[in-house]
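Structure, as structure tokens:
The values are calculated or read from the model by the stated rules, or taken from the named source; none is laboratory data. In this text, all values refer to a predicted model and were calculated from it rather than measured experimentally. Every residue, glycine among them, receives a Cβ derived from its backbone with ideal geometry; neighbour counts consider all protein chains shown. Ligands, DNA and RNA are stripped out before the accessible areas are found, and what is left, the full protein with its side chains, is counted by its heavy atoms. Shrake-Rupley method; radii C 1.70, N 1.55, O 1.52, S 1.80 Å.
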Amino acid sequence: MRYEFRIAGVVSDALAEAFPELDRVTAPEETLFLGTVIDEAHMYGLLNRFQSLGLRVLEMRRMPG
């Protein structure tokens, strides 16, 4: 299943490297990470990585299709 994670602020290249399985799109005040989440364990792993790096998830949503 594909998901979108909306993160507060612009995520640096160095921090984005912690998410090689996700594509990154930057906007002026936020960063979007998009990609396939394999299972529930992968989802919690991603959320834990965001939190451990000090990144605030504003929204997480499943993409259609």
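With open to solvent by 30 Å² or more (accessible area, probe 1.4 Å) and under 11 Å from the mean Cα position of the chain (by Cα) as the only criterion, which of P64, P20 stands out?
Matching residue, one of P64, P20: P20.
Taking the range 23-39 as the search range and keeping residues that are among the hydrophobic types (A, V, I, L, M, F, W, C) and under 18 Å from R2 (Cα atoms), which one is most open to solvent (accessible area, probe 1.4 Å)?
Looking at residues that are among the hydrophobic types (A, V, I, L, M, F, W, C) and under 18 Å from R2 (Cα atoms), I get I38.
Residue-by-condition table, conditions (1) without any contact (Cβ under 8 Å) to a residue 12 or more places away in the chain; (2) farther than 14 Å from V57 by Cα:
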position: E4; (1), (2): no, no
position: D13; (1), (2): yes, yes
position: E17; (1), (2): yes, yes
position: V25; (1), (2): yes, yes
position: L32; (1), (2): no, no
position: T36; (1), (2): no, yes
position: A41; (1), (2): yes, yes
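For the range 32-45, check the following and say yes or no: at least one residue is out of contact with any helix residue (DSSP H, G or I) (no Cβ under 7 Å at 6 or more places or on another chain) and in a loop (DSSP other than H, G, I, E, B).
Checking the range 32-45: at least one residue is out of contact with any helix residue (DSSP H, G or I) (no Cβ under 7 Å at 6 or more places or on another chain) and in a loop (DSSP other than H, G, I, E, B).
Could you grab me the full set of residues in the range 40-58 that are open to solvent by less than 80 Å² (accessible area, probe 1.4 Å) and at negative phi?
Hits for the range 40-58 are A41, H42, M43, G45, L46, L47, R49, F50, L53, L55, V57.
Of the residues E4, E59, only one is under 8 Å from the mean Cα position of the chain (by Cα), in a strand (DSSP E or B) and among the charged types (D, E, K, R); which?
That would be E4, the only listed residue that is under 8 Å from the mean Cα position of the chain (by Cα), in a strand (DSSP E or B) and among the charged types (D, E, K, R).
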